[in-house]
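Asker: The structure is given below, and queries will be raised subsequently.
The values are calculated or read from the model by the stated rules, or taken from the named source; none is laboratory data. No experiment lies behind these values; they were computed from the predicted model shown. Positions of Cβ are generated from backbone atoms using ideal geometry, with glycine treated the same way; all protein chains shown enter the neighbour counts.
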Amino acid sequence: MQVTLSRAQDEPRRTASGPGRPERSADSGGTTGTGKATRAGGATGTGGARPSVAAHDEPTLIARAQDGDRHAFAELARRHQDALYRVAVRVLGHRADAEDALQEALLDAWRRIGTFRGEAAFSTWMYRIVTHRCTAQLRRAKRTVPLPDDDAPGIADRGGSPERAAEVDAELAALSRALETLPADQRTCWVLRELEGLGYAEISEITGASGTAVRGRIHRARTALAERMRAWR
């Protein structure tokens with residue numbers, strides 16, 4: 001999957017002092033969320049970010065991205081993209097929808113990178129942007145949301161036998177139908193907690209809901225899913 005940022009590269013990013021802060025190290029060309037960055041003098045691909053960028057720690061990359069360094073932001077996107085895509089697939093259930101949501105989320109993050117103040121982890125900030133995109137998309141679509149494909153990240157191995165594969169297929173289909181019935185906010189919180197293993201405090205930061213609300217959503221989701229999956233116990 002390739003995620004491009006070219007649509008946002010020439011747009012001013014929001015900063016504390018206002019849009020359009022001068023860019024310190026922006027090269028002509030494009031960047032991609034997979035870590036691919038192109039410019040007039042050459043290109044670097046996934047796993048091949050410029051050594052001067054790839055060697056930096058996250059705070060340094062954030063600071064450089066806030067000063068307009070597209071290569072630094074591409075490296076940040078590369079480091080976080082797998083986890084973000086996994087959440088998008090799990091929440092939306094469709095690869096194409098997840099790719100679209102991640103594309104838009106990375107564009108949003110590039111535009112808004114100047115507003116990041118480190119009050120939460122950068123990963124939490126990125127999760128927030130992605131889950132908001134996914135939740136809005138679910139609310140607009142209001143359609144069947146199947147679980148990810150067999151080879152989507154995070155789906156358990158079906159095992160070696162055809163019988164076991166058929167059993168797991170049927171159970172996943174039942175869970176898909178059960179998840180479809182959950183409101184978008186409950187589904188998102190359940191995915192972040194049960195599939196991503198995030199803590200309640202971080203889910204609260206990501207969703208913007210209080211800790212009490214997050215716990216309530218997850219509890220209601222668990223109760224509803226347990227009831228609908230009773231036949232599979």
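Asker: Looking at the stretch 60-114 only, could you name the residues that are more than 30 Å from Leu175 (Cα to Cα), in contact with a helix residue (DSSP H, G or I) (Cβ under 6 Å, 6 or more places away or on another chain) and among the charged types (D, E, K, R)?
Answerer: Arg64, Glu75, Asp108
Asker: Failed condition for Trp190, given (1) modelled with pLDDT of 90 or more; (2) over 20 Å from His94 (Cα atoms), with all others met?
Answerer: With (1) modelled with pLDDT of 90 or more; (2) over 20 Å from His94 (Cα atoms) applied to Trp190, the lone miss is (2).
Asker: Name the pairs whose Cβ atoms lie under 7 Å apart, with the first residue in the stretch 206-227 and among the basic types (Lys, Arg), the second surrounded by 14 or more Cβ atoms within 10 Å (Cβ to Cβ), and 6 or more positions between them or separate chains?
Answerer: Between residues of the stretch 206-227 that are among the basic types (Lys, Arg) and residues that are surrounded by 14 or more Cβ atoms within 10 Å (Cβ to Cβ), the close pairs are Arg215/Tyr200; Arg217/Asp185; Arg217/Gln186; Arg217/Cys189; Arg220/Gln186.
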